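The structure appears right after this line, and notes come after that.
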Amino acid sequence: MNAQELKAKIIEVAKANWADAVGFASVNRFKKDDPIFKIMPETKTVICLVFRLLRGMYRGIEEGSTYYQYTTMAVENMEETIMPMAQIRVANLIESQGFIALPQRRHQTIMAEENDTNPEVAYDAIFRGKTQEPQMNFIDTAVQCGVGEKGFHGALLTDEYGPMVRYCFLLTDAEIDETLIPAPHLCDQCGKCVQACPGKAIDENGKVDNWQCTVYYNGANGTKNPFMNPDAFLAFENRLEIIAGEAKVDPETARKILDNIYFYPPAQHAYQCSICGRACDIACYVHLEEKGVLKKKFHDKFRKREPWSFDVNDFVIKKEK
């Protein structure tokens, strides 16, 4: 088949395997020192597969009732089952035509940085600074593939589903016409993501502190955690600051706090339960939906009532009064 036929077939196979959008970028869009050229020097085209996350996966956290759906279905199953299967099927198609296809997914437990972390997995399951394997810049590459824009807090925003997506890539030596890059039009720098974070992990410039994020992704803010015991963090002098989401942590203190979080069991593959439920993404989605800019419409708005929270005073014990 010719290049146009191959492109059409890639999109068909990807969508038959649950991808909701497919974007293509010529290597001419990337700088010569981009990691893709270290990963596969012969790359001619980068393909991005985007998968929506069902709104129902966030529903339990929005209501404060059940939490496993997001972690197991929106993170673990997407990363470990759905997305790899789509990548393999598309790669098989490309290689059936005599080209090379190299799938690229996030290395959830491998980080080149010595002292960084990934909020979605257990901090002690991450291998840091022990590999020289190049890592793609996922968000920038997705933008180059024309599937969405970069939001203020670094998430990929799509026209249909806002930030409620996950995505992966394939590198190939097949030359395929690229997707146009739309002008940014979704993120208006509203700062709702900053305000929503239960641990103040996003600064005024949109930069995310990964250790701060990890602590509160795991549920250190008791006002947004229905599983936290009233006497949590008794060994910490600033326990109420931690519980209120006011504590500023560094990697050392973050590890100590995380070692004292036993509120909800993790999933397999070292994935931690998200107690915050990606509050930044939810706030972003709610804002985009209220603005009416998302193309995918639902019968009801996602946010049906005022967000719930507990009072930090509920965690004050007698000796602190």
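The values are calculated or read from the model by the stated rules, or taken from the named source; none is laboratory data. Just so you know, these numbers come straight off a predicted model, no measurement behind them. Virtual Cβ from ideal backbone geometry, glycine too; neighbours counted across all protein chains shown.
Values as computed for the structure displayed
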| quantity | calculated |
| --- | --- |
| Residue match in the range 217-236 (condition: free of Cβ contacts under 8 Å to residues at least 40 places away in the same chain and under 30 Å from residue 42 (Cα atoms)) | no |
| Filtered residue count, the range 120-165, keeping only those that are farther than 14 Å from residue 51 by Cα, in a strand (DSSP E or B) and either modelled with pLDDT of 95 or more or assigned by TED's automatic domain parsing to the domain that holds residue 294 (or both) | 2 |
| Residue that is surrounded by 14 or more Cβ atoms within 10 Å (Cβ to Cβ), among the charged types (D, E, K, R) and either without any contact (Cβ under 8 Å) to a residue 24 or more places away in the chain or on the phi > 0 side of the Ramachandran plot (or both), where the choices are 241, 204 | 241 |
| Residue satisfying all of: in the range 69-82; β-branched (Val, Ile, Thr) and surrounded by 16 or more Cβ atoms within 10 Å (Cβ to Cβ); farthest from the chain's Cα centre (by Cα) among these | 82 |
| Among residues of the range 74-103, those that are closer than 30 Å to residue 1 by Cβ and in a helix (DSSP H, G or I), counted | 17 |
| From 71, 117, 179, residue being outside the structural domain of residue 270 (by TED's automatic domain parsing) and in a helix (DSSP H, G or I) | 71 |
| Test: residue in the range 137-145 that is surrounded by 14 or more Cβ atoms within 10 Å (Cβ to Cβ), more than 18 Å from residue 210 (Cβ to Cβ), free of Cβ contacts under 8 Å to residues at least 40 places away in the same chain and of a type outside the set (D, E, K, R) | yes |
| Restricting the range 32-68 to residues that are farther than 26 Å from residue 11 by Cα and of a type in the set (Phe, Trp, Tyr), the residue that is nearest to the chain's Cα centre (by Cα) | 58 |
| Neighbours by Cβ (under 8 Å, 6+ apart or cross-chain): first from the range 279-290, outside the structural domain of residue 71 (by TED's automatic domain parsing); second in a helix (DSSP H, G or I) and acidic (Asp, Glu) | 282/62 |
| Selected residue [part of a helix (DSSP H, G or I), surrounded by 14 or more Cβ atoms within 10 Å (Cβ to Cβ) and either on the phi > 0 side of the Ramachandran plot or within 23 Å of the chain's Cα centre (by Cα) (or both)] from 284, 276 | 284 |
| Residue satisfying condition, being within 29 Å of residue 158 (Cα to Cα), aliphatic (A, V, I, L, M) and surrounded by fewer than 20 Cβ atoms within 10 Å (Cβ to Cβ), within set 183, 196 | 183 |
| Residue that is part of a helix (DSSP H, G or I), of a type in the set (Val, Ile, Thr) and either crowded, with 16+ Cβ neighbours inside 10 Å or in the same structural domain as residue 282 (by TED's automatic domain parsing) (or both), where the choices are 22, 13 | 13 |
| Members of the range 36-68 that are part of a helix (DSSP H, G or I), surrounded by fewer than 17 Cβ atoms within 10 Å (Cβ to Cβ) and not hydroxyl-bearing (Ser, Thr, Tyr) | 37, 38, 39, 56, 59, 60, 63 |
